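Have a look at the structure below, then the notes.
The values are calculated or read from the model by the stated rules, or taken from the named source; none is laboratory data. It should be emphasised that the depicted structure is a prediction, and the values quoted were computed from it without experimental measurement. Using ideal geometry, Cβ is built from the backbone for each residue, glycine included, and neighbour counts are taken over all protein chains shown. Remember, those area values only see protein heavy atoms, side chains included, never the ligands or the DNA or RNA. Shrake-Rupley method; radii C 1.70, N 1.55, O 1.52, S 1.80 Å.
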Amino acid sequence: MSWKTWGIVGAVVVLAAAGTATALLLRGGGTTDYKTLPTCEKLSAAVAGKPAFKVGQNVTDASDIRGLHPAYTNIRCVTDDETTSVEVDLYQASDMDLVTAHKYADQQVHDGTWRANNIFTRDKLTELTPDITYGSLGFANATCTVEQVKHNAEVMLTVPMPKTTSLEQWNAQCKQIAQQQMPKVIKAAL
């Protein structure tokens, strides 16, 4: 074959590879927003010990507040004693700050990904990765909470912790929960 023929073959291979990559991105490999909430049964199956969950909260169409649309859906699944829970929050575009129930200070409409990240950064937990944090939201370290943000979703897992003799042991156990359980919960949630 001549160098021109090899050049054409090479160009076709590059274009085919680019087309495959584009097709993968269009199928959801990019920044696709999540639209539907999982069931408590599906979330339970992803948590160690498969706890019996009931719906603790379920917001599927939040009512407007002072003329602002929350653009937010949520499900919180809890055990009867409320020591174990999984919460999935989905955000869409809106100008409403859900923490203050007023317009964002910058008066802008923000997309769901920005809003999920904004909420995610409010809890001051230990960073495992830029999108996963873990720690205790209580004072007694009786529970371990792991949060993960992905596109327009924030997922929070809270599990009870055994009594430990040191803060270092507690931290190591909570980190292990973040590393081992959270990937399963995210897969079930989204």
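Listing for the model above:
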| read-out | value |
| --- | --- |
| FRET efficiency for Glu41 and Ala140, using Cβ-Cβ distance with R0 set to 30 Å, rounded to 0.05 | 0.50 |
| Cleavage-rule hits (chymotrypsin sites (Phe, Trp or Tyr not before Pro)) in the stretch 88-179: DSSP loop, at most 12 neighbouring Cβ within 10 angstrom | Phe139 |
| Cα pair distances in the stretch 74-190, grouped into 10 Å bins until the bin that holds the longest one, percent each | 13, 42, 31, 12, 2 |
| Qualifying aspartates and glutamates (Cα of each under 12 Å from Cα of Lys150; at least 8 residues distant if same chain) | Asp33, Asp89, Asp131 |
| Surface share of carbon and sulfur [accessible, 1.4 angstrom probe, percent] for the stretch 35-189 | 52 |
| Loop-resident sites, the stretch 51-114, for trypsin sites (Lys or Arg not before Pro), counting at most 16 other Cβ within 10 Å (DSSP) | Arg66 |
